[in-house]
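The values are calculated or read from the model by the stated rules, or taken from the named source; none is laboratory data. Since this is a predicted model, take the numbers as computed values, not measurements. As a convention, Cβ positions derive from the backbone with ideal geometry for all residues, glycine included, and neighbour counts pool all protein chains shown. All accessible areas refer to the heavy atoms of the entire protein, side chains included, with ligands and DNA or RNA removed. Shrake-Rupley method; radii C 1.70, N 1.55, O 1.52, S 1.80 Å.
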Amino acid sequence: MKFKAIFLGLIGFLFVACSSSGLSTQYYSTVIPDYNFDTNAPTILVTDPWDISSRFYAKVALTALKKRGFSNIYLEGQIPTPYARNILYIKVSKQRLMPNQNIEYTFNATGVCKIIDGRRYCNITNNKNDLKNNTSNISDLYNFTLDWYDAYTQNLALYAVGSVFSKPGEAMDFKVYSKLIEQTVARINFQRPLEYRYKILLF
């Protein structure tokens, strides 16, 4: 019975994974050529002090970066900033994309014509009727950005951004942000720039 339950659970998992097309996601990053990224150097995650959302998700980014081998990384305030070799600025944001609405009209001409003294006189009335209302799909755009700043050389060494497009209400913000941060950090390449699209599943 235990094996049967595990088997049915696996089938259900595969069904969910295969039946969902996932959310459209984009990844982009660029790096300084020949820069030596030291993941063991003291590193601090920094956010805008007025950006509560980014500060909240800093812990998610911290966990994801530790999985990438960062062994000496901290949240802002946990160690003195002057001790840090690397400062990673992170930010999350969300915006509602509402393309312009395009409406096409058709005009129907109606009226009455009379013949007076051999000449035709017509009273025409134009009635405007909506033919088609074309509204592009409204979508939510989620972004997660990471800027790697070398405090010793005072250079920006890496920039990475991940973006997710979803329909309003399609997924909870926490799930989207958490998955986006995890995936973006996991896909960072420290040797070369990257740019591609992929899908993420939220389950």
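For the pair Tyr198 and Asn36, what calculated FRET efficiency results from E = 1/(1 + (r/R0)^6), where r is the Cβ-Cβ distance and R0 = 30 Å, to the nearest 0.05?
Numbers: r = 28 Å, r/R0 = 0.95.
For Asn36 and Tyr198, the calculated efficiency is 0.60.
To the nearest 10 Å², what's Ser163's accessible area with a 1.4 Å probe?
The value for Ser163 is about 20 Å².
Tally up the carbon and sulfur contribution to the accessible surface of the stretch 156-203 as a whole percent, 1.4 Å probe, everything protein left in place.
Within the stretch 156-203, the accessible surface is 53 percent carbon and sulfur.
For the stretch 37-81, what is the Kirkwood estimate of the hydrodynamic radius, computed as the reciprocal of the mean inverse distance between distinct Cα atoms, to one decimal in Å? Mind dumping the intermediate values first?
Working: mean 1/r = 0.0915 Å⁻¹.
With all distinct Cα pairs of the stretch 37-81 included, I get 10.9 Å.
Spin-label point model (7 Å from Cα, Cβ direction): what's the Gln154 to Tyr74 distance in nm?
For Gln154 paired with Tyr74, the spin-label model returns 2.4 nm.
Under the 0.36 nm per residue contour assumption, what length would be gained going from the current alpha-carbon distance of Lys59 and Gln191 to full extension?
45.0 nm
Asp38 accessible area, nearest 10 Å², 1.4 Å probe?
70
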